[in-house]
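Asker: I have a structure I would like to understand better, so I am pasting it below and will then ask my questions one at a time.
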Amino acid sequence: MEMVRNIPFFSIMLAMFSGPVCSVLPGKVARKVNAAVITVVMIMSAVLLRYLVINGESFVYMMGHFPAPWGNEIRAGVLEAGMAMFFCIIMLLSVSGGIKKLYDEVVESKHNLYYVLVGLMLSSLLALVYTNDLFTAYVFVEINTISACGLIMIRENGRTIEAAVRYMIMSLIGSAMILLGICVLYDITGHLLMSNIKESVEVLVSGGRYPEPLLCVVALMSVGLAIKCALFPFHAWLPDAYGYSTVSSAAILSSLVSKGYIFLLIKIIYRVIGFDIYRNSGVIDVLFIFGLAGMIFGSVSAIRENDIRRMIAYSSVAQIGYIFMGIGMGTQFGMVAAIFHMLSHASTKSLLFISAIGLTDVSDGSRKFGPLTGSGYRNRIAGIAFAVGALSMVGVPLFSGFISKLLFAEAAVNLTGRMLPVLIVLGISTILNAIYFMKTVIRIYTPVDDSPYPHVHMRQVPLYAAVLVVFVILNVTLGVMSDFITGLISTGLEMFS
Amino acid sequence: MSRRKTDEEYSKTRAYKFFRWLKGQTDYTPDETVMDMDLMIPISDATDTVERMKDRQLNIDSVYDENSNKMLRFFAVLYRVVAVMFCIVLAALLVYNVSYLPPVGDPDRPTSNEVPARYIEKGIEETGAVNIVTGMILDYRAFDTFGESNVLFVATITVLVLLRLNKKNERNSESDDAADDHIYEPGDDLILQTVAKFLVPIIMVFGIYVILNGHLSPGGGFSGGAIIGAGLILYLNAFGFEKTERFFTEKTYKWISFFALTTYCLCKAYSFFCGANHLDSHIPLGTPGAILSSGLILILNICVGLVVACTMYTFYVMFRKGDF
């Protein structure tokens, strides 16, 4: 076997290994170890992606001496490798961009614990991406949940602890639903390995056996994962968790954690239940409707906010709604659009969070719009980056958000029966997005004559500025090279089934 | 953008009177006297913003006070009723769903397929562990168990993040320290100490036995670790932090869990790598039933046991005092 096929295994193990190692190191060294691990995993994933694109087929990797239904197994295809690489890039940028704020907000003796949490979070994301076994997925969902709680509350003030408690309760309900779903599914199929379950489910459906438990499984898993990634009616935990935690955590949570769960859901749809069976189950319509509702209500809540961080957080609700709308369309086009929007949202939302912190820092730490007036002039690089993120979210050409809106619209046109609601809600949501993002951009570029706040030049914050520049480049790359990327996504989806 | 009116101008408009009427301060008739002077917001006194804020807060409090807001009380009750109803309906649906599942103990269940068959028939031969459950969790599906021990590890880390006191800020001097210890330490309880003197060694030895015999008899790292953790907690309760600090501090915790997880990670990484690349791992399985048998399982059991024991003890200490 070629060495390159060991990469998924090495990346998961390396990320998991970095957790205990960081726990015994002092904070500064732990930071370097963590950054090195993320970089190495990123490069390895890129190599794997290249190999898979050239080779043109996915492979499974046996974890141990025993073949699949007995032992554990992981699987790598184009989509998995691409996601792993993308997650690493965003993680590295989010942690580096918020590092200064982290040192201000977290006591020094707990710095290394932050990197433990980040390392384990990365390992769980990688495992969710690569896993081919439902129970392994559940174990890593648990790691993901607990480390996300830690990331939220490491700032240790009242609001973050309250937010973490809320997050934990909601998220554990979601975990419990997923676990129940796995139990029932195991009971009716007798397998935990994804490909075996799929075969059994096909036999069950064609034989007309156990239709009620199967529907129950689909509903439990979809709703459980929807709670965990804050689909519209379950988003109550989101604004506090994203709005008050330290900025790296907010960026990681909004752009990676929810995406990991959505990726798992897509994996379950394609590789466990089967796309056609899932489409005929009726649960997909529920996801579709809640996705549409989330697009509107998330934006409306964002318009009502007077706090920039909470506004960005509410915007996440709307964007998650877009993704679920894409999944709910029930077509290949819709799925490609949803996955592209996952990438687009992940890169844009972390950019917005990180640039917003630069703006609030030059406004006496206040997150209200009043003091933020003119902050785009006081910290130019953060202002430009925020404007780019806002334009991308609204859907201006050249940026990634435009492509995802275009893909959603194209997918809707191919759809019989659901075209009109999708197009109408897409239009309304775009206008609502424009209202609150353009309001913010105009606000930060309204000149004030005698501002009491200091100016920050980008030479004073080189790392932060570099991170923002890379984010902007990433965003434009996604927007400009969209044909190539959607091509990769379609290839990956074909490998799934 | 329209110019904002000053308060004096605003007080002359109809909107101002309408909103005051809405709040129940005056009748909605021009030039009417103010009914309730106490509730009147001092709008004319624009400099006194603090008063305004206070007033605003009072208003908010009265709006969110269940005693004065009937609507809110109604919704609070409605919320509870609907929540309970929802839970009952959900539970009923799940129970109803269970009635469709294959009956327990039926030999034709879908779960009785080739997977458990191989575990039972070839388990001893392939893993060398007489206890098939241990063979399953630490050899066939060792990756899941590694994830599970990392769940424990990350849970301890999260508890440390939340509960560990930040020394510089919150604890100033040694006298504070002593006062703290006095509050959190148990009194010198003679009965407890005498019992603990007998029990703790037995519990420890039993825990070690359960861990070391994990591959031979029921038990293993998770249960044995829990027993050792319980023994440590009992010892702490009887003799206090002063005695436990001699052998168990935060450093001990850190290094033990680092050592255990690293060993687990390296051992399993080696074995996974060999397995996946179809190489011979050269790990002897030994004679099934002997204490030194079943390859890596014994080492992994010890690692899991250490992690579990440390996790339990650390949880207790963190919730009790917030510091080792």
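Asker: Of all residues in region B:110-155 being of a type in the set (S, T, N, Q) and within 11 Å of chain A (Cβ to nearest Cβ), which is nearest to B:Ile297 (Cα to Cα)?
Answerer: For region B:110-155, the residue satisfying everything is B:Thr127.
Asker: Still on this structure, please answer the following. Output the residues belonging to region A:141-162 that are within 22 Å of B:Glu148 (Cα to Cα) and at the interface with chain B (Cβ under 7 Å from one of its Cβ atoms).
Answerer: Result: A:Glu142, A:Ile143, A:Ile146, A:Ser147, A:Cys149, A:Gly150.
Asker: Exactly one condition in (1) hydroxyl-bearing (Ser, Thr, Tyr); (2) facing chain B (nearest Cβ under 8 Å); (3) surrounded by fewer than 24 Cβ atoms within 10 Å (Cβ to Cβ) is not met by A:Tyr138; state its number.
Answerer: (2)
Asker: Among the residues of region A:222-250, count how many are more than 30 Å from A:Phe275 (Cα to Cα) and among the charged types (D, E, K, R).
Answerer: 1
Asker: Do you know which of the residues in region A:425-467 that are within 20 Å of A:Phe353 (Cα to Cα) and of a type in the set (Lys, Arg) is surrounded by the most Cβ atoms within 10 Å (Cβ to Cβ)?
Answerer: Here the residue is A:Arg443.
Asker: Moving on to the next point. Just to be sure before I move on: is A:Leu128 over 18 Å from A:Ala251 (Cα atoms) and more than 7 Å from chain B (Cβ to nearest Cβ) in the structure I sent?
Answerer: Criteria met by A:Leu128.
Asker: The conditions are (1) modelled with pLDDT under 85; (2) more than 21 Å from A:Pro69 (Cβ to Cβ); (3) not β-branched (Val, Ile, Thr), and B:Arg109 fails exactly one of them. Which is it?
Answerer: Failed condition: (2).
Asker: Identify the residue in region A:30-55 that is among the hydrophobic types (A, V, I, L, M, F, W, C) and free of Cβ contacts under 8 Å to residues at least 12 places away in the same chain and, among all such residues, is surrounded by the fewest Cβ atoms within 10 Å (Cβ to Cβ). So that I can check it myself, show each step before the final result.
Answerer: As a first pass, look at region A:30-55 and keep what is among the hydrophobic types (A, V, I, L, M, F, W, C): A:30, A:33, A:35-38, A:40-44, A:46-49, A:52-54.
Keeping just the survivors that are free of Cβ contacts under 8 Å to residues at least 12 places away in the same chain gives A:36, A:43, A:54.
Values: A:Ala36: 12, A:Ile43: 13, A:Ile54: 7.
Taking the candidates together, the pick is A:Ile54.
Asker: While we're looking at this one, here's another question. Taking into account only those residues within region A:149-158 that are assigned to a helix (DSSP H, G or I) and in contact with a Ser or Thr (Cβ under 7 Å, 6 or more places away or on another chain), which is farthest from A:Met121 (Cα to Cα)?
Answerer: Filtering region A:149-158 for residues that are assigned to a helix (DSSP H, G or I) and in contact with a Ser or Thr (Cβ under 7 Å, 6 or more places away or on another chain), the one farthest from A:Met121 (Cα to Cα) comes out as A:Met153.
Asker: Which fully enclosed helices (runs of 4 or more DSSP H) of region B:58-174 have 2 or more residues being among the β-branched types (Val, Ile, Thr) and free of Cβ contacts under 8 Å to residues at least 60 places away in the same chain?
Answerer: Helices (runs of 4 or more DSSP H) meeting the threshold: B:70-98, B:114-127, B:142-163.
Asker: All but one of (1) surrounded by fewer than 24 Cβ atoms within 10 Å (Cβ to Cβ); (2) in contact with a His (Cβ under 8 Å, 6 or more places away or on another chain); (3) away from chain B (no Cβ under 14 Å); (4) not basic (Lys, Arg) hold for A:Ser255; which doesn't?
Answerer: In the conditions (1) surrounded by fewer than 24 Cβ atoms within 10 Å (Cβ to Cβ); (2) in contact with a His (Cβ under 8 Å, 6 or more places away or on another chain); (3) away from chain B (no Cβ under 14 Å); (4) not basic (Lys, Arg), A:Ser255 misses (1) alone.
Asker: Run down A:Leu372, A:Leu352 and say which single residue is crowded, with 21+ Cβ neighbours inside 10 Å and under 15 Å from A:Ile442 (Cβ atoms).
Answerer: Result of the check over A:Leu372, A:Leu352: A:Leu372.
Asker: Something else: Just give me the residues in region B:251-274 being surrounded by 15 or more Cβ atoms within 10 Å (Cβ to Cβ), more than 20 Å from B:Gly147 (Cβ to Cβ) and among the basic types (Lys, Arg), in sequence order.
Answerer: B:Lys254
Asker: Have a look at A:Ile143, A:Ile161 and point out the one that is more than 19 Å from the chain's Cα centre (by Cα) and either among the β-branched types (Val, Ile, Thr) or part of a helix (DSSP H, G or I) (or both).
Answerer: Answer to the selection: A:Ile161.
Asker: Something else now. Return yes or no: is B:Val98 away from every other protein chain (no Cβ under 11 Å) and within 29 Å of A:Leu215 (Cα to Cα)? Break it down into steps so the answer makes sense when it comes.
Answerer: Details: away from every other protein chain (no Cβ under 11 Å): no; within 29 Å of A:Leu215 (Cα to Cα): yes.
The answer is no for B:Val98.
Asker: Further question on the same structure: Evaluate the following for A:Ile182: is it more than 7 Å from every other protein chain (Cβ to nearest Cβ), surrounded by fewer than 24 Cβ atoms within 10 Å (Cβ to Cβ), assigned to a helix (DSSP H, G or I) and touching a residue at least 24 places away in the same chain (Cβ under 8 Å)?
Answerer: yes
Asker: Count, please, the residues in region A:56-68 that happen to be free of Cβ contacts under 8 Å to residues at least 12 places away in the same chain, of a type outside the set (Gly, Ala, Ser) and part of a loop (DSSP other than H, G, I, E, B).
Answerer: 3
Asker: Looking only at region B:233-274, filter to residues that are without any contact (Cβ under 8 Å) to a residue 24 or more places away in the chain and among the basic types (Lys, Arg); which one of those is farthest from the other protein chains (Cβ to nearest Cβ)?
Answerer: Filtering first and then ranking leaves B:Lys243.
Asker: From the list A:Asp285, A:Asp276, A:Asp240, exactly one residue is surrounded by fewer than 22 Cβ atoms within 10 Å (Cβ to Cβ), without any contact (Cβ under 8 Å) to a residue 40 or more places away in the chain and not β-branched (Val, Ile, Thr). Which is it?
Answerer: After ruling out the rest, the residue left standing is A:Asp276.
Asker: Could you pull out the residue among B:Asn277, B:Asn301 that is more than 9 Å from chain A (Cβ to nearest Cβ) and either surrounded by 17 or more Cβ atoms within 10 Å (Cβ to Cβ) or of a type outside the set (Val, Ile, Thr) (or both)?
Answerer: Details: B:Asn277 fails: more than 9 Å from chain A (Cβ to nearest Cβ).
Only one candidate passes the filter, namely B:Asn301.
Asker: Can you tell me which residues in region A:122-158 are among the hydroxyl-bearing types (Ser, Thr, Tyr) and farther than 25 Å from A:Gly98 by Cα?
Answerer: Our first condition is that a residue be among the hydroxyl-bearing types (Ser, Thr, Tyr); within region A:122-158, this holds for A:123-124, A:130-131, A:136, A:138, A:145, A:147.
Answer for region A:122-158, where residues must be among the hydroxyl-bearing types (Ser, Thr, Tyr) and farther than 25 Å from A:Gly98 by Cα: A:Tyr130, A:Thr131, A:Thr136, A:Tyr138.
The values are calculated or read from the model by the stated rules, or taken from the named source; none is laboratory data. Since the model is a prediction, treat every value here as computed from it, not as a measurement. In this analysis, Cβ positions are derived from the backbone assuming ideal geometry, glycine residues included, and neighbour counts consider all displayed protein chains.
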